[in-house]
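The values are calculated or read from the model by the stated rules, or taken from the named source; none is laboratory data. Just so it is clear, the model here is predicted, and its values are computed rather than measured. Note that each Cβ is placed from the backbone with ideal geometry, even for glycine, and that neighbours are counted across all protein chains shown.
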Amino acid sequence: MTSRRAFLGSLLAAGAAPALLHAQPRLRANPFTLGLASGYPHPSGFVLWTRLAGEFDPVAVPVHWEVAADEAMRNVVASGVAEAHPDWAHSVHVEPKGLEPERWYWYRFRAGDTQSPVGRTRTAPATNATPERLKFAFASCQHYEQGFFNAYRHIVADAPDLVAFLGDYIYESSWGRDHVRKHTGGEPYTLADYRARYALYKSDPDLQAAHAACPWIVTWDDHEVDNDYADDRPEDGMPRERFLERRAAAYRAYYEHMPLPERMKPKGPDMRIYTQLGWGTLARFYLLDDRQYRSWQACPRPTRRGGSNTVNVAECEALFNPNRSMLGRAQERWLSGALEKSGARWNLIAQQTPMAQFDQLPGPGRRAWTDGWDGYPAARARLFDALQEHRVSNPVVLGGDVHSFNVSELKRDFDDPASATVASEFVCTSITSQAWAQEKLNTLMPDSPHIKLIDSRHRGYVRMEVSARETRADLRAMESVARPQAACSTAASFVVEDGRPGPRRA
Ligand code: FE
Ligand code: CA
């Protein structure tokens, strides 16, 4: 695959692309069945995405794109032609620039004589602007078989400025009960497998509608590749070289299906997706990748070579090794530098896994799950050091992964309830993926008094509203994911007041 890509790359560099571009597409049906999307808003632009679906000759297809200042697409302010290349699954990533800050735009594509539907997106406020508020939703964990992605209808109804997706956009394996629909094909390993899995997930109409309604920013967790993988180590002992080929296929398919900027294009098994994004002086997002660079999980199960485990911390010395990293040293340094330079009032650290310590051994002693930040306590302490050292204004950590709402105070020392709260944490429940029973979580709550709420009973998302005075989080709970149409209600609301770390019930 690499040599083929290098060959195409040199063709493009040698100027062969225009010849390919002029080949006439033979579009036998509507090629926009995977929808359209936008992402990564900045003050003068954003990324536009689509992928042509269907049967094609293996040639590049020219795709016209337009951005308009009005929904009727009368006042076109930017347009061009992009190349949907077969080597990238006929995906299109366009980055219009020179647009006005802090406003909504509309966009559409055309391939052959087929026009796509119109999508809506927006730019971010200017760097020095002081916007009154930022409204966004964050979500994670959408298992296709376990439910309809109906929470997105309610996200669309909330009309957020953006959606932050925090991992498990697809699942590689079939699990859980009460399936409402089925994966096609088995577990993906090849590029073709992952492409098919994304195409299946993107067939969900509510997911498509949410992508068409506002820009998204995204990060991945493990299931975009393989359960519980850590850097180059899968859980099942697949040889490193083969696993890196699998990771390269998975990352490439991820790029092909997400509204990611060109600079994030993967190079083999490497793909830098961590980044930051400002919302004037009000807020700044740090979108992290805690999968690609992490140290292997400490003390794996005796029957396995990799993957997560739940360990008695007294019996797993490796857990506390200060050399172990969750983000990799380069990303750690980048994050610390970015936090130091931030002039934003609210600093939103958007990433995959729960950060608050969660003791899974009722009573004396502590058991820790090694895949989340509990498995990387030295790295977590270094992040807290950075927050304190750089006097970061109002740090709020956003996470997913565990399929429950978790609301916590992030403590300098989790074993000392009197120690300083360094940040607030909100973990969203899953869009559909099933969770531990609430009864089990209830037995564990007393050992972690810094966790203000855990609720695994609902699927849904978190709606955030950030203003100078406070950040408000509404935990949005679906009545059901067993049918496309279902009600959504707010299970609980919390606020973090400016200058006062820690979530309080609203
Ligand atoms: Fe998940
Ligand atoms: Ca305990």
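For Gly98, the conditions (1) within 16 Å of ligand 1 (Cβ to nearest atom); (2) touching a residue at least 40 places away in the same chain (Cβ under 8 Å); (3) surrounded by fewer than 23 Cβ atoms within 10 Å (Cβ to Cβ) all hold with the exception of (1). In summary, strands (runs of 3 or more DSSP E) completely within segment 336-417 and bearing 1 or more residues that are away from ligand 2 (no atom under 16 Å from the Cβ) and either more than 27 Å from Ala437 (Cβ to Cβ) or modelled with pLDDT under 95 (or both) occur at 346-350, 395-399. The residues of segment 426-451 that are within 16 Å of ligand 2 (Cβ to nearest atom) and in contact with a strand residue (DSSP E or B) (Cβ under 7 Å, 6 or more places away or on another chain), listed by number, are Leu441, Met445, His450, Ile451. Of the residues making up segment 196-221, those that are in contact with a Lys or Arg (Cβ under 9 Å, 6 or more places away or on another chain), among the hydrophobic types (A, V, I, L, M, F, W, C) and outside any helix (DSSP H, G or I) number 2. Against the criterion of being under 30 Å from Leu387 (Cβ atoms), more than 16 Å from ligand 2 (Cβ to nearest atom) and at pLDDT 95 or above, Arg457 does not qualify.
Residues that are surrounded by 12 or more Cβ atoms within 10 Å (Cβ to Cβ) and out of contact with any Phe, Trp or Tyr (no Cβ under 6 Å at 6 or more places or on another chain) within segment 57-72 comprise Val59, Ala60, Val61, Pro62, His64, Glu66, Ala69, Asp70, listed in sequence order. The number of residues in segment 15-51 being at pLDDT below 95 and under 14 Å from Arg122 (Cα atoms) comes to 0.
Rundown of residues vs (1) buried (at least 24 other Cβ atoms within 10 Å of the Cβ); (2) more than 23 Å from Ile155 (Cβ to Cβ), yes/no style:
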residue: Lys202; (1), (2): no, no
residue: Ala212; (1), (2): no, no
residue: Asp221; (1), (2): yes, no
residue: Phe243; (1), (2): no, yes
residue: Tyr251; (1), (2): yes, yes
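Annotation: Gly307 fulfils all but one of (1) of a type outside the set (Phe, Trp, Tyr); (2) surrounded by 21 or more Cβ atoms within 10 Å (Cβ to Cβ); (3) away from ligand 1 (no atom under 16 Å from the Cβ); the unmet one is (3).
Within segment 397-423, the set of residues being over 14 Å from Lys452 (Cβ atoms) and away from ligand 1 (no atom under 16 Å from the Cβ) comprises Arg412, Asp413, Asp415, Asp416, Ala418, Ser419, Ala420, Val422. Residues of segment 293-305 include at least one that is in contact with a helix residue (DSSP H, G or I) (Cβ under 9 Å, 6 or more places away or on another chain), modelled with pLDDT of 95 or more and among the hydrophobic types (A, V, I, L, M, F, W, C). Taking segment 338-378 as the range and being of a type in the set (Gly, Ala, Ser) and either surrounded by 22 or more Cβ atoms within 10 Å (Cβ to Cβ) or under 29 Å from Thr281 (Cβ atoms) (or both) as the test, the residues that pass are Ala338, Ser342, Gly343, Ala344, Ala350, Ala356, Ala368, Gly372, Gly375.
Scan segment 140-163 and give yes if some residue there is closer than 16 Å to Pro259 by Cα, within 17 Å of the chain's Cα centre (by Cα) and in a loop (DSSP other than H, G, I, E, B), otherwise no. Yes, some residue in segment 140-163 is closer than 16 Å to Pro259 by Cα, within 17 Å of the chain's Cα centre (by Cα) and in a loop (DSSP other than H, G, I, E, B). Checking each residue in segment 150-178 for being surrounded by 19 or more Cβ atoms within 10 Å (Cβ to Cβ) and within 14 Å of ligand 1 (Cβ to nearest atom) picks out Phe165, Leu166, Gly167, Asp168, Tyr169, Ile170, Tyr171, Glu172. Hey, any hits in segment 396-411 for a residue that's basic (Lys, Arg), within 21 Å of Trp369 (Cβ to Cβ) and surrounded by fewer than 17 Cβ atoms within 10 Å (Cβ to Cβ)? No, segment 396-411 contains no residue that is basic (Lys, Arg), within 21 Å of Trp369 (Cβ to Cβ) and surrounded by fewer than 17 Cβ atoms within 10 Å (Cβ to Cβ).
One residue stands out in segment 388-404 among those that are within 16 Å of Ala350 (Cβ to Cβ) and touching a residue at least 60 places away in the same chain (Cβ under 8 Å): the one that is farthest from the chain's Cα centre (by Cα), namely Asn394.
The criterion of at least 3 residues that are of a type in the set (S, T, N, Q) and on the phi < 0 side of the Ramachandran plot is met by none of the strands (runs of 3 or more DSSP E) falling completely within segment 70-133.
For segment 424-445, state whether one or more residues are modelled with pLDDT of 95 or more, within 16 Å of ligand 1 (Cβ to nearest atom) and surrounded by fewer than 17 Cβ atoms within 10 Å (Cβ to Cβ). Yes, that holds for at least one residue. Beta carbons closer than 9 Å, at least 6 apart along the sequence or on distinct chains, pair a first residue in segment 103-130 that is over 15 Å from Ala213 (Cβ atoms) with a second that is basic (Lys, Arg) and outside any loop (DSSP other than H, G, I, E, B) for Arg103/Arg122; Gln115/Arg108.
All of (1) in contact (Cβ under 8 Å) with a residue 40 or more places away in the chain; (2) in a loop (DSSP other than H, G, I, E, B) hold for Asp193 with one exception: (2). Inclusion of Ala423 among residues that are within 16 Å of ligand 2 (Cβ to nearest atom), under 26 Å from Arg476 (Cα atoms) and under 23 Å from the mean Cα position of the chain (by Cα) is not warranted. If only residues of segment 446-457 that are buried (at least 17 other Cβ atoms within 10 Å of the Cβ) and away from ligand 1 (no atom under 15 Å from the Cβ) are counted, the one that is nearest to Pro362 (Cα to Cα) is Asp447. Out of curiosity, is Ala423 of a type in the set (A, V, I, L, M), free of Cβ contacts under 8 Å to residues at least 60 places away in the same chain and not in a loop (DSSP other than H, G, I, E, B)? So Ala423 fails the test. Under the condition of being at positive phi and assigned to a loop (DSSP other than H, G, I, E, B), the residues counted in segment 27-69 number 2.
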